[in-house]
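No lab work stands behind these numbers, since they all come straight from the coordinates. Bear in mind that the values here come from a model prediction, so they are computed numbers and not experimental data. Cβ placement follows ideal geometry from the backbone for every residue including glycine, while neighbour counts extend to all protein chains displayed.
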Amino acid sequence: MNEIFKAAVRRGMPLLALAIGAVAPAQATLLPQSWNGYHWAHTGNLAIMIGNNASAVWAPYLAAAEVKWSADKYIDYVPTAGMTSASSCGGIYGTVQVCSGNYGATGWLGYTQVWTSGTQISQATIKLNDYYFSQAKYNIAAFRQQVACQEMGNALGLADSDRNYANANAGTCMDYTYDPSGTKGTNGTLANTTTSATDISRLDAIYAVKDSTQIVFTKPKTSGNALAVAAAVPEPASWMTMMAGFLGLGLSLRRRRKAAATA
């Protein structure tokens, strides 16, 4: 079995290349659970289009996570038709694109990338790896719901709250665990499958300060075709949901995510 991966992923480096951690952009003290200060620029509230390029089996999990994150007072996820292909999962300016597909034995269950200018996110993609989710041990509601929820939180600039698998479940999808359902007797009885009040308050804190600009497609009640925008975007930063072995408790694979800002 594999050890718990403690590797950061950087562009141009091997998948499991060791790194000290993500390099945070130069700025003031980061707020709790902020991923390097990354956030969507906003002069007011945000309505972020989230395109569904995933298979039908993911629909209820994506819909549930979208509703939960939209409880934030500054942010709404606006479900839209997919604007890319599942295989390439290319970024679309001003949107989050969610894709699922057989991406192979990559070592990750979910993979989130954000394209940033400084600390401002201009687009994001989320990949859900059906290579693993087609296997019985991952093809359960709790695994799917946690991955979908956690990746959507990362796409907003929220970091994971606890990366220790052995700790008792905190009742949030941003918390690593061997048992997202809270029913296996390994991590307590709370389910780590959806957002918590703490997640929303931390997201509120990240977005409490307004910016001087906002992408037009992220403004509430703004209609437009993001595909029609011709704009250069910076290199992405990435989060991965990594695999980890868990011996002796009947769970052979769990999740590990580490942030890495692209050089």
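Values as computed for the structure displayed
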{"item": "Table column - 3J(HN,Hα) (Hz), the stretch 93-109, Karplus curve with 6.51, -1.76, 1.60, x for Gly and Pro", "result": "3, x, 9, 10, 10, 9, 10, 10, x, 7, 8, x, 7, 7, x, 10, 8"}
{"item": "Greater than 30 Å apart at Cα, pairs in Lys137/Lys221; Lys73/Lys127; Lys73/Lys137", "result": "Lys137/Lys221; Lys73/Lys137"}
{"item": "Summed side-chain charge close to Ala170 - residues other than Ala170 whose Cβ falls under 14 Å, Lys, Arg +1, Asp, Glu -1", "result": "-3"}
{"item": "Burial ranking of peptide ranges 172-184, 86-98 (average Cβ count within 10 Å, highest at the top)", "result": "172-184, 86-98"}
{"item": "Around Asp76: net Lys/Arg minus Asp/Glu count, Cβ-Cβ under 14 Å", "result": "+1"}
{"item": "Phi to ³J(HN,Hα) by Karplus 6.51 cos²θ - 1.76 cosθ + 1.60 over the stretch 38-47, Hz, x for Gly, Pro", "result": "5, 6, 7, 4, 8, 9, x, 5, 10, 10"}
{"item": "5 angstrom amide H check on Gly94, placed H, neighbours 5+ away", "result": "Gln123"}
{"item": "In the stretch 84-156, trypsin sites (Lys or Arg not before Pro) in a DSSP loop with at most 14 other beta-carbon atoms within 10 Å", "result": "Lys137"}
